[in-house]
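Here the structure is laid out as structure tokens; the discussion comes afterwards.
The values are calculated or read from the model by the stated rules, or taken from the named source; none is laboratory data. Bear in mind the structure is a predicted one, so any value in this text is a computation, not a measurement. Note that each Cβ is placed from the backbone with ideal geometry, even for glycine, and that neighbours are counted across all protein chains shown. What goes into the accessible areas is simple: the full protein's heavy atoms, side chains included, and nothing from ligands, DNA or RNA. Shrake-Rupley method; radii C 1.70, N 1.55, O 1.52, S 1.80 Å.
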Amino acid sequence: MAWVLLGACRTDMHVQPRYKSLEPSPFFDDGRSARPLVEGTVARGHLRIDEHLYTGKVNGVDVDTFPFPMDRAMLERGRERFNIFCSPCHDRTGSGNGIIPQRGFRHPPSNHIDRLRKAPVGHFFDVITNGFGAMYSFASRIPPRDRWAIVAYIRVLQLSENATMADVPPEARVQLQREGP
Ligand code: HEC
């Protein structure tokens, strides 16, 4: 009955020469079967050579320009993302009194203080990307283009908090005056 015994010796797809995830290996010096990436490997779609777009810096210095043109659609996207991700702490005007600090979390500074009004846009991009003090990084949650849209919207908030009647188009002034302060 040799065929019964031979039946257990097949080495095709039933018995593969392979490792299970994280199984030790006597073959490699470090004993790991899971090999580290070859240095310099970039996963498809993860090439980040545009320093301006991905870090908000050029030669290590915060930029004060956007890496692509900002239009109304981008600002509206920024408003939507800001209200979702930032307003719980920074509130919808960016003055730093969102619901989370009201419940005891550290208060963020207002976006309308002089230092932040003068800060280059690259600083805001960097804060969203890497976090800042008690504020955690949003890099895994907000893709780079959306981060820029949020930064542009922060500029809108800063402008509107410091606007005067002269900045309002004449046709809209009537409405504002009717509604009062
Ligand atoms: C969980 C609360 C929380 C959320 C959400 C949050 N922040 Fe903050 N943020 C903080 C706190 C707290 C600080 C002050 C950190 C410190 O000084 O330790 C801060 C600081 C900042 C600063 C000031 C940096 C400086 O130079 O002083 C900026 C700008 C900022 N946040 C932008 C954002 C943006 C944009 C978002 C949304 C993408 C966001 N934050 C979401 C809590 C938050």
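In segment 142-154, how many are near the ligand (Cβ under 9 Å from one of its atoms) and open to solvent by 40 Å² or more (accessible area, probe 1.4 Å)?
Counting residues in segment 142-154 that are near the ligand (Cβ under 9 Å from one of its atoms) and open to solvent by 40 Å² or more (accessible area, probe 1.4 Å) gives 0.
Mind listing whichever residues of segment 1-27 are open to solvent by less than 100 Å² (accessible area, probe 1.4 Å) and modelled with pLDDT under 90?
The answer is A2, V4, G7, A8, C9, D12, V15, Q16.
Taking segment 65-110 as the search range and keeping residues that are among the charged types (D, E, K, R) and open to solvent by less than 70 Å² (accessible area, probe 1.4 Å), which one is nearest to the ligand (Cβ to nearest atom)? It would help to see each step written out before you state the result.
Step one: filter segment 65-110 for residues among the charged types (D, E, K, R), giving 71-72, 76-77, 79-81, 91-92, 103, 106.
Filter again for open to solvent by less than 70 Å² (accessible area, probe 1.4 Å), leaving 81, 91.
Details: R81: 7, D91: 10 Å.
That would be R81.
Within segment 155-167, how many residues turn out to be farther than 18 Å from T93 by Cα and surrounded by 14 or more Cβ atoms within 10 Å (Cβ to Cβ)?
Matching residues across segment 155-167 total 0.
Filter segment 124-141 for residues that are more than 6 Å from the ligand (Cβ to nearest atom) and touching a residue at least 40 places away in the same chain (Cβ under 8 Å) and give the result.
Going through segment 124-141, the residues more than 6 Å from the ligand (Cβ to nearest atom) turn out to be 125-126, 129-131, 136-137, 139-141.
Scanning segment 124-141 gives F125, D126, T129, R141.
When residues of segment 141-181 are filtered for being closer than 26 Å to P120 by Cα and among the polar types (S, T, N, Q), how many remain?
4
So, in segment 28-64, exactly how many residues are touching a helix residue (DSSP H, G or I) at 6+ places or on another chain (Cβ under 7 Å) and open to solvent by 80 Å² or more (accessible area, probe 1.4 Å)?
2
Go through the residues of segment 60-67 one by one and say whether even a single one is among the acidic types (D, E), outside any loop (DSSP other than H, G, I, E, B) and over 18 Å from S137 (Cα atoms). Step through it out loud before you land on a result.
Filtering segment 60-67 for residues among the acidic types (D, E) gives 62, 64.
Among the residues that remain, those that are also outside any loop (DSSP other than H, G, I, E, B) are: 62.
Filter again for over 18 Å from S137 (Cα atoms), leaving none.
No: segment 60-67 contains no residue that is among the acidic types (D, E), outside any loop (DSSP other than H, G, I, E, B) and over 18 Å from S137 (Cα atoms).
So H52 fits all but one of (1) over 24 Å from N162 (Cβ atoms); (2) within 11 Å of the ligand (Cβ to nearest atom); what number is the exception?
Unmet condition: (2).
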